[in-house]
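Input: a single structure, listed below in structure tokens.
The values are calculated or read from the model by the stated rules, or taken from the named source; none is laboratory data. In this text, all values refer to a predicted model and were calculated from it rather than measured experimentally. Positions of Cβ are backbone-derived with ideal geometry, glycine not excepted, and every protein chain shown enters the neighbour counts. Accessible surface areas use protein heavy atoms only, side chains included; no ligands, DNA or RNA. Shrake-Rupley method; radii C 1.70, N 1.55, O 1.52, S 1.80 Å.
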Amino acid sequence: MKAVVCAPKGKVKVDEVPDPQVQESTDAVVQVRRTAICGSDLHLLDGTTPGMREGAVIGHEFVGLITDLGDDVEKRFEGTRVLGSFLIACGECSECLAGRFNFCAKRRALGLGTLAGDLDGAQAEAIRVPNADLNLKTLDGALSGLSDEEALLAGDVMTTGFYGAALADISRDDVVAVLGGGPVGLFCALACRRAGTERVIVLDTDPKRAKFAKDVMGLDSLHLKGDKPEDVVKKATGGALPDVTVDAVGSIEGFKTSLRCVRDGGRVVVLGVYGAERYEMPMGMIWIRGLDLRFAGMANVHAHWNDALLSVGKGEIDPAPAITHRLPLEEAEQGYELFRSRKALKVVLTP
Ligand SMILES: [Zn+2]
Ligand SMILES: [Zn+2]
């Protein structure tokens, strides 16, 4: 089959690879109908997330049809349309039993390198999914009306936004600033707004992204310019800094800006992906300001994807405008270029 694989020097190529097979009795094989390129794919190729093997299949967002099942899969059937979770959990450890699937003792992720279990990814014609009963969501019942594209982003970026909003623990009179107008930031802002908070603002240093958040996604947004981002925010809020900031960027600069733009005693949710970066934390400043830092870890997909999908089904959130480019899988290299150069916000590939 055809798949997007990791090539030397942080590049990708579309290559012929062996068809995935059921390896364990709890596996499913899914024929992929739609898959997407994610920011963490770039982190991986750029080497900030270590452990990528050349020739490994990339990708972790997909919707497809089950074509093959191991003997011990109970709740899934061949021919069923399913959404995949990027996060692969075991369902049996104490963390999974407590609903903290992202801290599963055996957690892995699809297509995210050797440190994430070395599982082949979803930018392919088909994918093997371990522990299929837990890690695939059947798109039936109330979810059967969703199109593949409407469901697709709930396996990662959209649900990551919902998870971030849950971590932010917002109340009605909170003002939330989400740093980063990429897909995760946009969905986090939409999820915060849905949770009923007073005001949500998307902040981005890229004026085009700030404009996209406002014009296309219907969110309040600000272009952060200059070396005092907190002043830009204060100007827009009438002088007060937000109660919560969410770093949906995953860069040291983004993290520092999130610290600067929150009020004393406020909460900072670190949702963006970090790998090998290092930062010397100003302990005294954080202590005296009483900042509540909440590092997300991988998103708890299984705890929030139903909520995310239902919000799409009810028309509360429409993920479609976030998908700016659609390409055949064969043109994945071009898709990565569009995404890397920030010409594309979200690229969907069709095998
Ligand atoms: Zn991702
Ligand atoms: Zn587990």
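Below, the figures for the structure above:
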{"item": "Whole-number Å³ per residue for the convex hull built on Cα positions in segment 29-72", "result": "107"}
{"item": "Mean-position separation - Cα centroids, segment 153-216 and segment 121-138, in angstrom", "result": "27"}
{"item": "Low-density loop cleavage sites - trypsin sites (Lys or Arg not before Pro) in segment 244-306, where at most 12 other Cβ are within 10 Å (DSSP)", "result": "278"}
{"item": "Overall Cα dimensions of the chain - principal axes, largest extent first, Å", "result": "60, 40, 38"}
{"item": "From phi via Karplus (6.51, -1.76, 1.60), per-residue ³J(HN,Hα) for segment 64-79 in Hz, x at Gly/Pro", "result": "x, 10, 5, 10, 8, 9, x, 5, 9, 7, 9, 9, 10, 10, 4, x"}
{"item": "Over the chain: helical MRE at 222 nm, DSSP H runs n ≥ 4 each giving -39500 (n - 2.57), nearest 500", "result": "-8000 deg cm²/dmol"}
{"item": "Sequence ranges 200-206, 17-23, ranked by mean other-Cβ count within 10 angstrom, highest first", "result": "200-206, 17-23"}
{"item": "Heavy-atom accessible area ranking, 1.4 Å probe, most first, across 147, 258", "result": "147, 258"}
{"item": "Amide H partners (placed H, <5 Å) of residue 69, local residues excluded", "result": "29"}
{"item": "Å² per residue, accessible surface of the chain at 1.4 Å", "result": "42"}
{"item": "Anchor residue 75: aspartates and glutamates whose Cα lies under 14 Å away (excluding residues fewer than 8 positions away in-chain)", "result": "27, 133, 140"}
{"item": "Beta bridges by DSSP in the chain, antiparallel share as percent, to the nearest 5", "result": "55"}
{"item": "Members of 11/314; 106/343; 137/211; 106/211; 11/211 lying beyond 32 Å, as alpha-carbon distances in this model show", "result": "11/314; 106/343; 137/211; 106/211"}
{"item": "Using θ = phi - 60° and Karplus 6.51 cos²θ - 1.76 cosθ + 1.60, couplings along segment 32-46 (whole Hz; Gly, Pro as x)", "result": "7, 9, 9, 9, 9, 9, 10, x, 6, 5, 6, 3, 5, 5, 7"}
{"item": "Residue-level accessible surface for residue 94, protein heavy atoms, 1.4 Å, Å²", "result": "90"}
{"item": "Axial C-alpha extent at least 15 Å, average Kyte-Doolittle at least 0.0 - helices from the chain (DSSP)", "result": "157-168, 183-194, 301-313"}
{"item": "Karplus-derived 3J(HN,Hα), 6.51/-1.76/1.60, for each residue of segment 285-296, Hz, glycine and proline x", "result": "5, 5, 5, 5, 7, x, 7, 9, 8, 10, 7, 7"}
{"item": "Amide hydrogen neighbours beyond the local backbone of residue 220, cut-off 5 Å, H modeled", "result": "202"}
{"item": "Nearest-10 value in Å² for the accessible area of residue 163, using the 1.4 Å probe", "result": "20"}
{"item": "Rounded percent of accessible protein surface that carbon and sulfur make up, the chain, 1.4 Å probe", "result": "49"}
{"item": "Bins of 10 Å from zero: percent of alpha-carbon pairs in segment 159-295", "result": "14, 49, 33, 4, 0"}
{"item": "GNM flexibility winner over the chain from 97, 293, 45 (Cα, springs under 10 Å)", "result": "97"}
{"item": "Cα Rg, Dmax (largest Cα-Cα span) when computed across segment 1-140, Å", "result": "14.4, 42"}
